[in-house]
Amino acid sequence: MSTQFRIYPNPTPGAFVVDFPGNGPLSEPVKIEIYDIQGVRIFSTLIREAGIWPISLKGFPNGIYLLQVISGRNIESRKIVKSNQ
């Protein structure tokens with residue numbers, strides 16, 4: 001994938017960030033989607049600028065979530081663990 005990013009903290013108590021390093025516009029818009037363990041989409045947003053983007057899973061139960069970053073035809077998936085620890 002041409003778009004580099006980091007997710008932290010992971011595991012998370014609920015709030016975490018997706019960090020697209022750099023400044024200014026990304027080479028192409030990036031869609032961030034989060035799915036619960038049953039495959040239901042619980043979050044979606046479109047990012048056009050590099051930077052730190054906060055996301056919250058507060059109000060959702062502890063467990064494993066799937067975060068997808070979609071850039072053009074590329075899709076990268078990462079697991080997010082929500083835990084009180």
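The values are calculated or read from the model by the stated rules, or taken from the named source; none is laboratory data. None of the values given here were measured: they were computed from a predicted structure. Every residue, glycine among them, receives a Cβ derived from its backbone with ideal geometry; neighbour counts consider all protein chains shown. Accessible surface is based on the protein model in full, side chains and every heavy atom, while ligands, DNA and RNA are left aside. Shrake-Rupley method; radii C 1.70, N 1.55, O 1.52, S 1.80 Å.
Among Ile52, Ile34, which is the only one that is in contact (Cβ under 8 Å) with a residue 24 or more places away in the chain and surrounded by 15 or more Cβ atoms within 10 Å (Cβ to Cβ)?
Numbers: Ile52 fails: surrounded by 15 or more Cβ atoms within 10 Å (Cβ to Cβ).
Testing whether each residue is in contact (Cβ under 8 Å) with a residue 24 or more places away in the chain and surrounded by 15 or more Cβ atoms within 10 Å (Cβ to Cβ) leaves just Ile34.
Being free of Cβ contacts under 8 Å to residues at least 24 places away in the same chain and open to solvent by less than 80 Å² (accessible area, probe 1.4 Å) narrows it down to one residue among Pro61, Pro9; which is it?
Working: Pro61 fails: open to solvent by less than 80 Å² (accessible area, probe 1.4 Å).
Pro9 is the lone residue from the list that is free of Cβ contacts under 8 Å to residues at least 24 places away in the same chain and open to solvent by less than 80 Å² (accessible area, probe 1.4 Å).
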